[in-house]
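Only the coordinates and a few stated rules stand behind these numbers; no lab work does. Remember, predicted model here, so these are calculated numbers, not experimental data. Cβ coordinates were reconstructed from backbone atoms using ideal geometry, including for glycine residues, and neighbour counts include every protein chain displayed.
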Amino acid sequence: MKQQFFQIQLKQSSQQPSCITLENWVDQLTNPNFRQNLKQCDEQQEMMNIFPIVGYGLQLKTKKNLNDIKIKVLSISQVEKIIDLSTFNQLSRDKPNCILPLLKKQEQNHDLLRCELFQRKISQLITENDQIFIENSYLHLIQSTLKYLITIYEKSIWQKEIMEEILEVCEQVLFDTKLHINQIQNEEFQNSQFKLLNVFCLFQQNKIDQEEIYNKFLLPKILKKTQYDLNDQMQNGLGAFFDCLNLREDQFSFENIKEDIEKYIEENNYFYLKIFYGKYLSKLIEYFLCKEQINDKLKQKMFFKLKENQKEIKQLISSGLICQQEVNKIQESKTLIVNFTQSTIHKYLLNRLIKEEYNFEHTSKYFKSLNEAIQTDNYYAHLLRHAKYDDLIQFYNIYNLLNEQKCSYDNGLNQFCLYIERKLIRQISIQQLRKKDYKSFQEVRQSQDIQEKSDTIMIYSKLFGINGQDETKIQQIILDRISEICWINYTTYKTNFQVDEEVINFIQMVKDFPQNNFDLDIYSEYLSDVAKFCYKMKSLTQTFKYFDKFEKNVYQNLLPKDPFKANIFKKIFQLTKRIKENQFNF
């Protein structure tokens, strides 16, 4: 093994040097000190331990079985791209645990890539075990890296450069071996450990067409993916997937929203690729097949036949090739995809209306589209299952209340106020509130933090067609309510609950404030825990008139598990009880 290495005539390399030692791989291998140390090694383990490697930093995950090891590349170093073994002993931002050296074909250092010492060193890096040797470990590492590159492929320059280098290395270490396969129609290819590597090389050299890749390489993988039973409870990150759709302004207008949505779903088959075939297989399909081929091939699949050829589906059911239950599952999955897609697009258009494109005509057409969608099949139930679509439900309900009948108009105004109050309260930072120095509720009400919310109320009022006296009235109601919530929470944070006098003042504030109607069930989620407890006690005792009943039936159930908080609650309760017994203004 050692002699084989010394017989190699190393040629000068154009490989990028390590960012640590500023030497490339050939530089390190031709270093006199290294060569002298290697000559003095008698044990194989010693040789492997001092043998240097320079190349791309990889982060690997390996799964060891009795007679096999599976390699998965998790990342390729992006900061310190080219590294050497000394990197493993340093703090690295990319945290690599393996190195992939790639050399240009024109350098003619192929003997180095084939030598046993290098192969064993790569095996040692992968397994982290000197006693285990993986045959063709270098090719396994290259193929795993290629799989990772295809999975994340975005046609970036650095990805293309590494893929070109992989092809050149394959020409040096794969092409003249039995592992290289020129034809993928035969059984030899199906039994190969390096299917991806072989198809990639043939594809890059234009020695194979897309039809052949599809039939012999992709289709067997697709046929294994037979599970169409999706649900919307975050399976495969389904909901999150649709939150990241690539939506462009030129794809959607307010003139033909329904048609634009249908066109978007029709033209973007990557929905079905990624959801049903998984990220890697969908990326394989996108990498090896052009868009026209993808459309042609996928539309032959059962999933795409449902809408286009019901007659053929009935024939397949009659012949027993597919059962009605399978068809129903596929249809449910398609409906789910459509529901998620139109929800995302309606949210996108709503944000456009709010931020920049409001006018009466746009708004009318938007609500018409949303109404038509919600009144179709089970779409409304779909929206109800997902809190992130609450805006769509609220807009649908409020708009219809305000525009259907006069008798529902006041209810619509009330629902509008509640919706905007919640939205604005969520925007007020508790941390920022703590930093303020308010002396009274009036100071909170007149503060800039509250007054600037008027602009938001005005924008939403326009969307819903609220104007004139009604707009002035609801603006007053909304600003008053969010000011009250802020004052209650602010007072809670400023109260020292270890001091009886301050606690009594807080209890008195709860008794008298706010003076107008305050529905705890609606606003409790925006109150601090202490305030929530006090207002709950106030509500259940009807302003403390039935305190004994509260103490007997409810009190213990309201105490939190946190001992510190529980002691505060108990103190508030005991002081309230003492006040009542002594009739201090209660």
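Where does the chain land at 222 nm, in deg cm²/dmol rounded to the nearest 500, when only DSSP H runs of n ≥ 4 count, each adding -39500 (n - 2.57), divided by all residues? Mind showing how you got there, number by number?
Details: 34 runs with 355 residues, N = 586.
After summing the helix terms and dividing by the residues of the chain, the value is -18000 deg cm²/dmol.
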Computed over the range 12-116, the relative contact order (Cα-Cα under 8 Å, seq sep at least six) in percent reads 30
Neighbour-count ranking [beta-carbon atoms within 10 angstrom, fewest first] of 376, 492: 376, 492
Checked the range 495-586 with the C-alpha gyration tensor, a ≥ b ≥ c its square-rooted eigenvalues, rounded below a/c of 1.5, otherwise prolate if a/b is larger than b/c and oblate if not; verdict rounded
Give the calculated FRET efficiency between residue 168 and residue 116 to the nearest 0.05, with a Förster radius of 22 Å applied to their Cβ-Cβ distance. 0.50
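Note down the relative contact order for the chain as a percent, whole number, built from C-alpha pairs under 8 angstrom at least six residues apart.
Rounded, it is 7 percent for the chain.
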Round to the nearest 10 and give me the degree value, 0 to 90, for the angle of helix 468-494's Cα axis relative to the longest principal axis of the chain. 80
Zone reached by a paramagnetic label modelled 7 Å from residue 35 Cα along Cα→Cβ, restricted to the range 3-22 with backbone N below 18 Å, covers 3-14
Going by the alpha-carbon gyration tensor, a ≥ b ≥ c the square roots of its eigenvalues, is the range 457-508 rounded (a/c under 1.5) or, if a/c is not under 1.5, prolate (a/b greater than b/c) versus oblate? prolate
Taking 0.36 nm per residue of separation and subtracting the Cα-Cα distance, what length does fully extending residue 280 through residue 179 add? 34.0 nm
Which FRET efficiency, nearest 0.05, do residue 518 and residue 255 yield, Cβ-Cβ r, R0 41 Å? 0.35
Proximal aspartates and glutamates relative to residue 388, as straight alpha-carbon distance under 18 Å, when same-chain residues fewer than 8 apart are discounted: 232, 243, 421, 525
Rounded to 10°, Cα long-axis angle of helix 195-204 versus longest principal axis of the chain: 80
Where does each of 576, 30 land when they are ranked from fewest to most other beta-carbon atoms within 10 angstrom? 30, 576
Taking H placed 1.01 Å from N in the peptide plane, check which residues at least 5 places from residue 55 or on another chain put their amide H under 5 Å from its amide H. 83
Under the 7 Å Cα-to-Cβ spin-label approximation, residue 431 and residue 224 lie apart by a distance in nanometres of 4.7
Note the full-extension length gain between residue 4 and residue 476 as 0.36 nm times their separation in residues minus their Cα-Cα distance, in nm to one decimal. 161.1 nm
Estimated FRET transfer efficiency (residue 380, residue 570; beta-carbon r; R0 41 Å; 0.05): 0.35
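Can you give the charge dipole size of the range 1-147 about its Cα centre, rounded to the nearest 20 debye, using +1 on the beta carbon of Lys and Arg and -1 on the beta carbon of Asp and Glu?
On the way: 18 positive and 15 negative charges, 107 e Å.
Rounded to the nearest 20 debye, it is 520 debye.
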So which of 195/334; 355/439; 105/195; 291/347 end up more than 26 Å apart by C-alpha? 195/334; 355/439; 291/347
Given the pairs 435/532; 365/473; 155/329; 70/279; 435/538, which span a C-alpha to C-alpha distance of over 25 angstrom in this model? 365/473; 155/329; 435/538
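Would you kindly state how much longer the chain becomes between residue 45 and residue 528 on full extension, computed as 0.36 nm times their sequence separation minus their alpha carbon distance, in nm to one decimal?
Stretched fully, the residue 45-residue 528 segment lengthens by 167.4 nm.
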Hey, rough spin-label estimate for residue 348 and residue 552, points 7 angstrom out along Cα→Cβ, what's it come to in nanometres? 6.2
Ranked 391, 209, 42, criterion: other C-beta atoms within 10 Å, fewest first: 42, 209, 391
Amide H to amide H, which residues 5 or more places from residue 75 or on other chains are under 5 Å from it, using H placed in the peptide plane? 59
Once the Cα atoms of helix 390-403 and of the chain are each reduced to a long axis, what angle between those two axes, in degrees from 0 to 90 to the nearest 10, is obtained? 40
Whole-angstrom gap from the range 467-490 to the range 334-407, using each part's C-alpha centre: 26
